[in-house]
Amino acid sequence: MARIYIDMDEVMADSSGKLASMYQQEFGIDLTDALLKTEGKVYDLALSGLRTYVRDYLHRPDFFADLAVLPDAQRVVERLNEHHEVLICSAAVEFPLSMVDKLNWLKQYFPFLSYKQVVFCGRKKNFLIGDFIIDDHIDNVDGFQGTGLLFTASHNRSETRFERVNNWLEVEQYFFAKE
Ligand SMILES: [Mg+2]
């Protein structure tokens, strides 16, 4: 049994999709391509004036409450949870309003997980002790003592140093193909 840390935003939950749709609604601009092109934070956009707005969305009440679940995440996380020690780790503390939303979101879409499997932190995740981390942020995969699996997001496409999983079907294959 392995200990596997799983990130929430951009791995379980489609936060960039919601950012893009909010921006489209408010300003009539399609952010799909511009969003997430920079390495690092999802809201760290280079476009002038954009960053403030996008960052502000993440601090709004309810932003995290109704994010879409990424395809196959529920089924594969449940399967992982049956065979391994699964811990959900999100750097949520920067967005205090997100924490209740995130717990409720997990309860709604991943009811098989207990609150005891949730770790909220306010820093990069290289302090974690475990076998695997599945995360879209290079900072969290880099320096992790176990195996880092970089979950593909637009902002990390050019990264080549880490093992990569493009979606949850690939995560499933990675952990179960040999069975
Ligand atoms: Mg993330």
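Each value in this text was obtained by applying a stated rule to the coordinates, not by laboratory testing. None of these values were measured; they are calculated from a predicted model. Every residue, glycine as well, gets a Cβ built from its backbone with ideal geometry; the counts of neighbours run over all protein chains shown.
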Notebook entry, point to check: So what's the back-of-envelope 222 nm ellipticity for the chain, counting only DSSP H runs of four-plus at -39500 (n - 2.57) apiece and dividing by all residues, rounded to 500?
Noted result: -9500 deg cm²/dmol
Next item on the list: Determine, from the Cβ-Cβ distance of Cys121 and Arg161 and an R0 of 30 Å, the FRET efficiency 1/(1 + (r/R0)^6), rounded to the nearest 0.05.
Entry: 0.85
Next item on the list: Can you tell me the dipole magnitude for the chain around its Cα centre, using point charges on the Cβ only (Lys, Arg +1; Asp, Glu -1), in Debye to the nearest 20?
Entry: 340 debye
Check: Want the number for Arg60 to Leu169: 0.36 nm per residue separation, take away the alpha-carbon distance, what's left?
Finding: 36.0 nm
Checklist line | Angle between the chain longest axis and helix 50-59 axis [Cα atoms, degrees, rounded to 10] | finding: 50 degrees
Next item on the list: Determine the distance separating the Cα centre of segment 52-75 from the Cα centre of segment 130-173; give it in Å without decimals.
Entry: 20 Å
